[in-house]
Amino acid sequence: DDKEKRKAVSYMSYRRQITHFARQDSDKHLVGGAREDPPDDSLTAFEMAIRDSEAITTHSVMHWEAEGYAFLETSGEAKLEILRCGRTDSEVQIRFYTRDGTGKAGETYEEKDGIVTFEAGEVAKTVYVPLVHDYEWNPDRNFHVIL
């Protein structure tokens, strides 16, 4: 009923705030800084479900192994790993594509747009983005690979 739903949403919001403050406090001890305000309630139902650990069992969630990578252009390619958590009992596909940063497609890297398929039970996949080696010194350049 509506009263139970409101109670559940209120609890989920409270739980997110507690988790957020705990994370901020631990970050503060590690790197210094001030506590941020609690998150706003504009999260979608899916985002709230992902943040609640018991709900992760109903979805497959894909993410990069690391937040950022660094490669020398002489290495020839960027090797990026996609990890899958949550449900792994079925096939799942996810699209990835490149986007310019300070580095431009065709000058720094070769543009890629593709679909990665995780078979049932698979939890990691690797994608490769070819890097362009121009045989000149360049300042660091970046580009993005989006899931």
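The values are calculated or read from the model by the stated rules, or taken from the named source; none is laboratory data. Since this is a predicted model, take the numbers as computed values, not measurements. FYI the Cβ positions are ideal-geometry reconstructions off the backbone, even for glycines, and counts take in every protein chain you see. To get the accessible areas, we keep the full protein, side chains included, count just its heavy atoms, and leave off ligands, DNA and RNA. Shrake-Rupley method; radii C 1.70, N 1.55, O 1.52, S 1.80 Å.
General remarks:
- Residue in the range 101-114 that is aliphatic (A, V, I, L, M) and touching a residue at least 40 places away in the same chain (Cβ under 8 Å) present: no
- Of the criteria (1) open to solvent by 70 Å² or more (accessible area, probe 1.4 Å); (2) in a loop (DSSP other than H, G, I, E, B), which one ILE115 fails: (2)
- Screening the range 54-105 for residues that are modelled with pLDDT of 90 or more, open to solvent by 80 Å² or more (accessible area, probe 1.4 Å) and outside any loop (DSSP other than H, G, I, E, B) and picking the one that is farthest from VAL145 (Cα to Cα) gives THR74.
- Subset of the range 118-134 [touching a residue at least 40 places away in the same chain (Cβ under 8 Å), farther than 24 Å from ASP100 by Cβ and not in a strand (DSSP E or B)]: VAL123
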